[in-house]
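Visitor: Pasting in a structure now, in structure tokens, and then I'll have a few things to ask.
The values are calculated or read from the model by the stated rules, or taken from the named source; none is laboratory data. Values in this document were obtained by computation on a predicted structure and should not be read as measured data. Glycine also receives a Cβ, built like all others from the backbone with ideal geometry; neighbour counts cover every protein chain displayed. In case anyone asks, the SASA skips ligands and DNA or RNA and just uses the protein heavy atoms, side chains included. Shrake-Rupley method; radii C 1.70, N 1.55, O 1.52, S 1.80 Å.
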Amino acid sequence: ASQPCQTLIRLNVSNTIVSNATVAAILGSHLSLRSLTMSFCNEIANPFGLVCLSRQLAITHLDMSVTHVSDETVRDVCRMCPSLSQLNVSGPADSTAVTDDCVCCMDRIHHFTAFGLAHCSSIRFSALVSLFRSSKMDVLVSLDLSALVNVDCMLLIKHCYALQTLILEECRNVVCIAGDQDLSLVANKCLRYLSLKSAFFSDNVDINRPQQLSTLLSIVPNVRRLHLDSVEEVSDNLLVETLSQGRGLLDLEFVSFVGCGSITEESLEAMGDTLQFLDFVDVSHCPALSRRDVNTFLAKMKQLHRPVEVKWS
């Protein structure tokens, strides 16, 4: 690890037993390193704190998910890697100790293209607001805030207008309120992947939960892969209304409704009538759907010469 190697660009030591000192030695002797992945490295805490260099590191991509990460780690990373554009310090909570205090350290980073804070339970969304409103997020393409609380989807969509992937799985008290805004001006037409698995919309606002979900779907009109597994607000009425009014989802290729108890054959029929590019539907564990419903849908799609794969159980 101590031998110089000017040609090493990418390094992945995930799921290996390496120490802080070993990684620090790698960082100190491979100054051309651009991408470093250290997921599931339980023996690592903060190797950046052991590196004493007069010149800065060239790392642009750093993945320390499910590793012992703290505010000090993030602070050292931001100090030593000003070219960083992709950062993942996702949990679970028992391995990640980052808090609101780490956010101010990110001012050193010029732009983020990918950002992962999933399961960082000690970080409040309110502490991230100034970051999302800054120019640092102008080119953000991928964002994972799974399990965070009080996520404001309207703010994310409005300010992170280059987003292509948004993951909000298991988030609680999700809010999406349009207010007096013209939704056509707020809409993110770049977003292609949206996952809301087991997300729960807020009851603590004037707009009801289904309407908030409807608003969110209408401001991501070009999404192609959509996960709404176990989202209580999903219903036939919501889906049919969204599709019939042409408010969004018309480019859907993949959709998952696993565990959605209110989905019936009416939703399948609406998707068959409007979604020209649909090729996969997952309706596993949807108790209101029968095998007959699924077979009828498949027969209709075959007749329309638009074969679709359906997963059902």
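Visitor: Are any residues in region 121-131 assigned to a loop (DSSP other than H, G, I, E, B) and not small (G, A, S), and if so, which ones?
Guide: Within region 121-131, I123, R124 qualify.
Visitor: Condition first: at pLDDT below 90, of a type in the set (V, I, T) and not in a helix (DSSP H, G or I). Can you find one or more residues in region 132-145 that meet it?
Guide: Among the residues of region 132-145, not one is at pLDDT below 90, of a type in the set (V, I, T) and not in a helix (DSSP H, G or I), which makes the answer no.
Visitor: For region 205-220, indicate whether the set of residues that are in a loop (DSSP other than H, G, I, E, B) and at pLDDT 95 or above is non-empty.
Guide: Within region 205-220, the first condition is being in a loop (DSSP other than H, G, I, E, B), and the residues that meet it are 205-208, 219-220.
Adding the requirement that they be at pLDDT 95 or above leaves none.
No, because not a single residue in region 205-220 is in a loop (DSSP other than H, G, I, E, B) and at pLDDT 95 or above.
Visitor: Quick test of your reading of the structure: D101 fulfils all but one of (1) over 27 Å from L191 (Cβ atoms); (2) part of a loop (DSSP other than H, G, I, E, B). Name the failing condition by number.
Guide: Checking D101 against (1) over 27 Å from L191 (Cβ atoms); (2) part of a loop (DSSP other than H, G, I, E, B), the one that fails is (2).
Visitor: For region 43-73, give me each residue that is among the β-branched types (V, I, T) and either farther than 18 Å from D101 by Cα or surrounded by fewer than 23 Cβ atoms within 10 Å (Cβ to Cβ) (or both). Spell out the reasoning first.
Guide: Taking region 43-73 and keeping what is among the β-branched types (V, I, T), we get 44, 51, 59-60, 66-67, 69, 73.
Passing the criteria: I44, V51, I59, T60, V66, T67.
Visitor: Tell me which residues, restricted to region 43-59, are under 20 Å from H110 (Cα atoms) and outside any loop (DSSP other than H, G, I, E, B).
Guide: The one that is under 20 Å from H110 (Cα atoms) and outside any loop (DSSP other than H, G, I, E, B): F48.
Visitor: Does L62 satisfy being without any contact (Cβ under 8 Å) to a residue 60 or more places away in the chain, within 22 Å of the chain's Cα centre (by Cα) and in a strand (DSSP E or B)?
Guide: yes
Visitor: Give the residue that is most open to solvent (accessible area, probe 1.4 Å), with candidates limited to residues of region 222-238 that are part of a helix (DSSP H, G or I) and closer than 16 Å to N208 by Cα.
Guide: As a first pass, look at region 222-238 and keep what is part of a helix (DSSP H, G or I): 236-238.
If we keep only those that are closer than 16 Å to N208 by Cα too, we end up with 237-238.
Numbers: N237: 115, L238: 18 Å².
Filtering region 222-238 for residues that are part of a helix (DSSP H, G or I) and closer than 16 Å to N208 by Cα, the one most open to solvent (accessible area, probe 1.4 Å) comes out as N237.
Visitor: Considering only region 255-266, I want to know if a residue exists there that is among the hydroxyl-bearing types (S, T, Y), buried (at least 21 other Cβ atoms within 10 Å of the Cβ) and over 19 Å from L191 (Cα atoms).
Guide: Checking region 255-266: not a single residue is among the hydroxyl-bearing types (S, T, Y), buried (at least 21 other Cβ atoms within 10 Å of the Cβ) and over 19 Å from L191 (Cα atoms).
Visitor: Return yes when E241 is modelled with pLDDT of 95 or more and open to solvent by 40 Å² or more (accessible area, probe 1.4 Å) and no when it is not.
Guide: So E241 fails the test.
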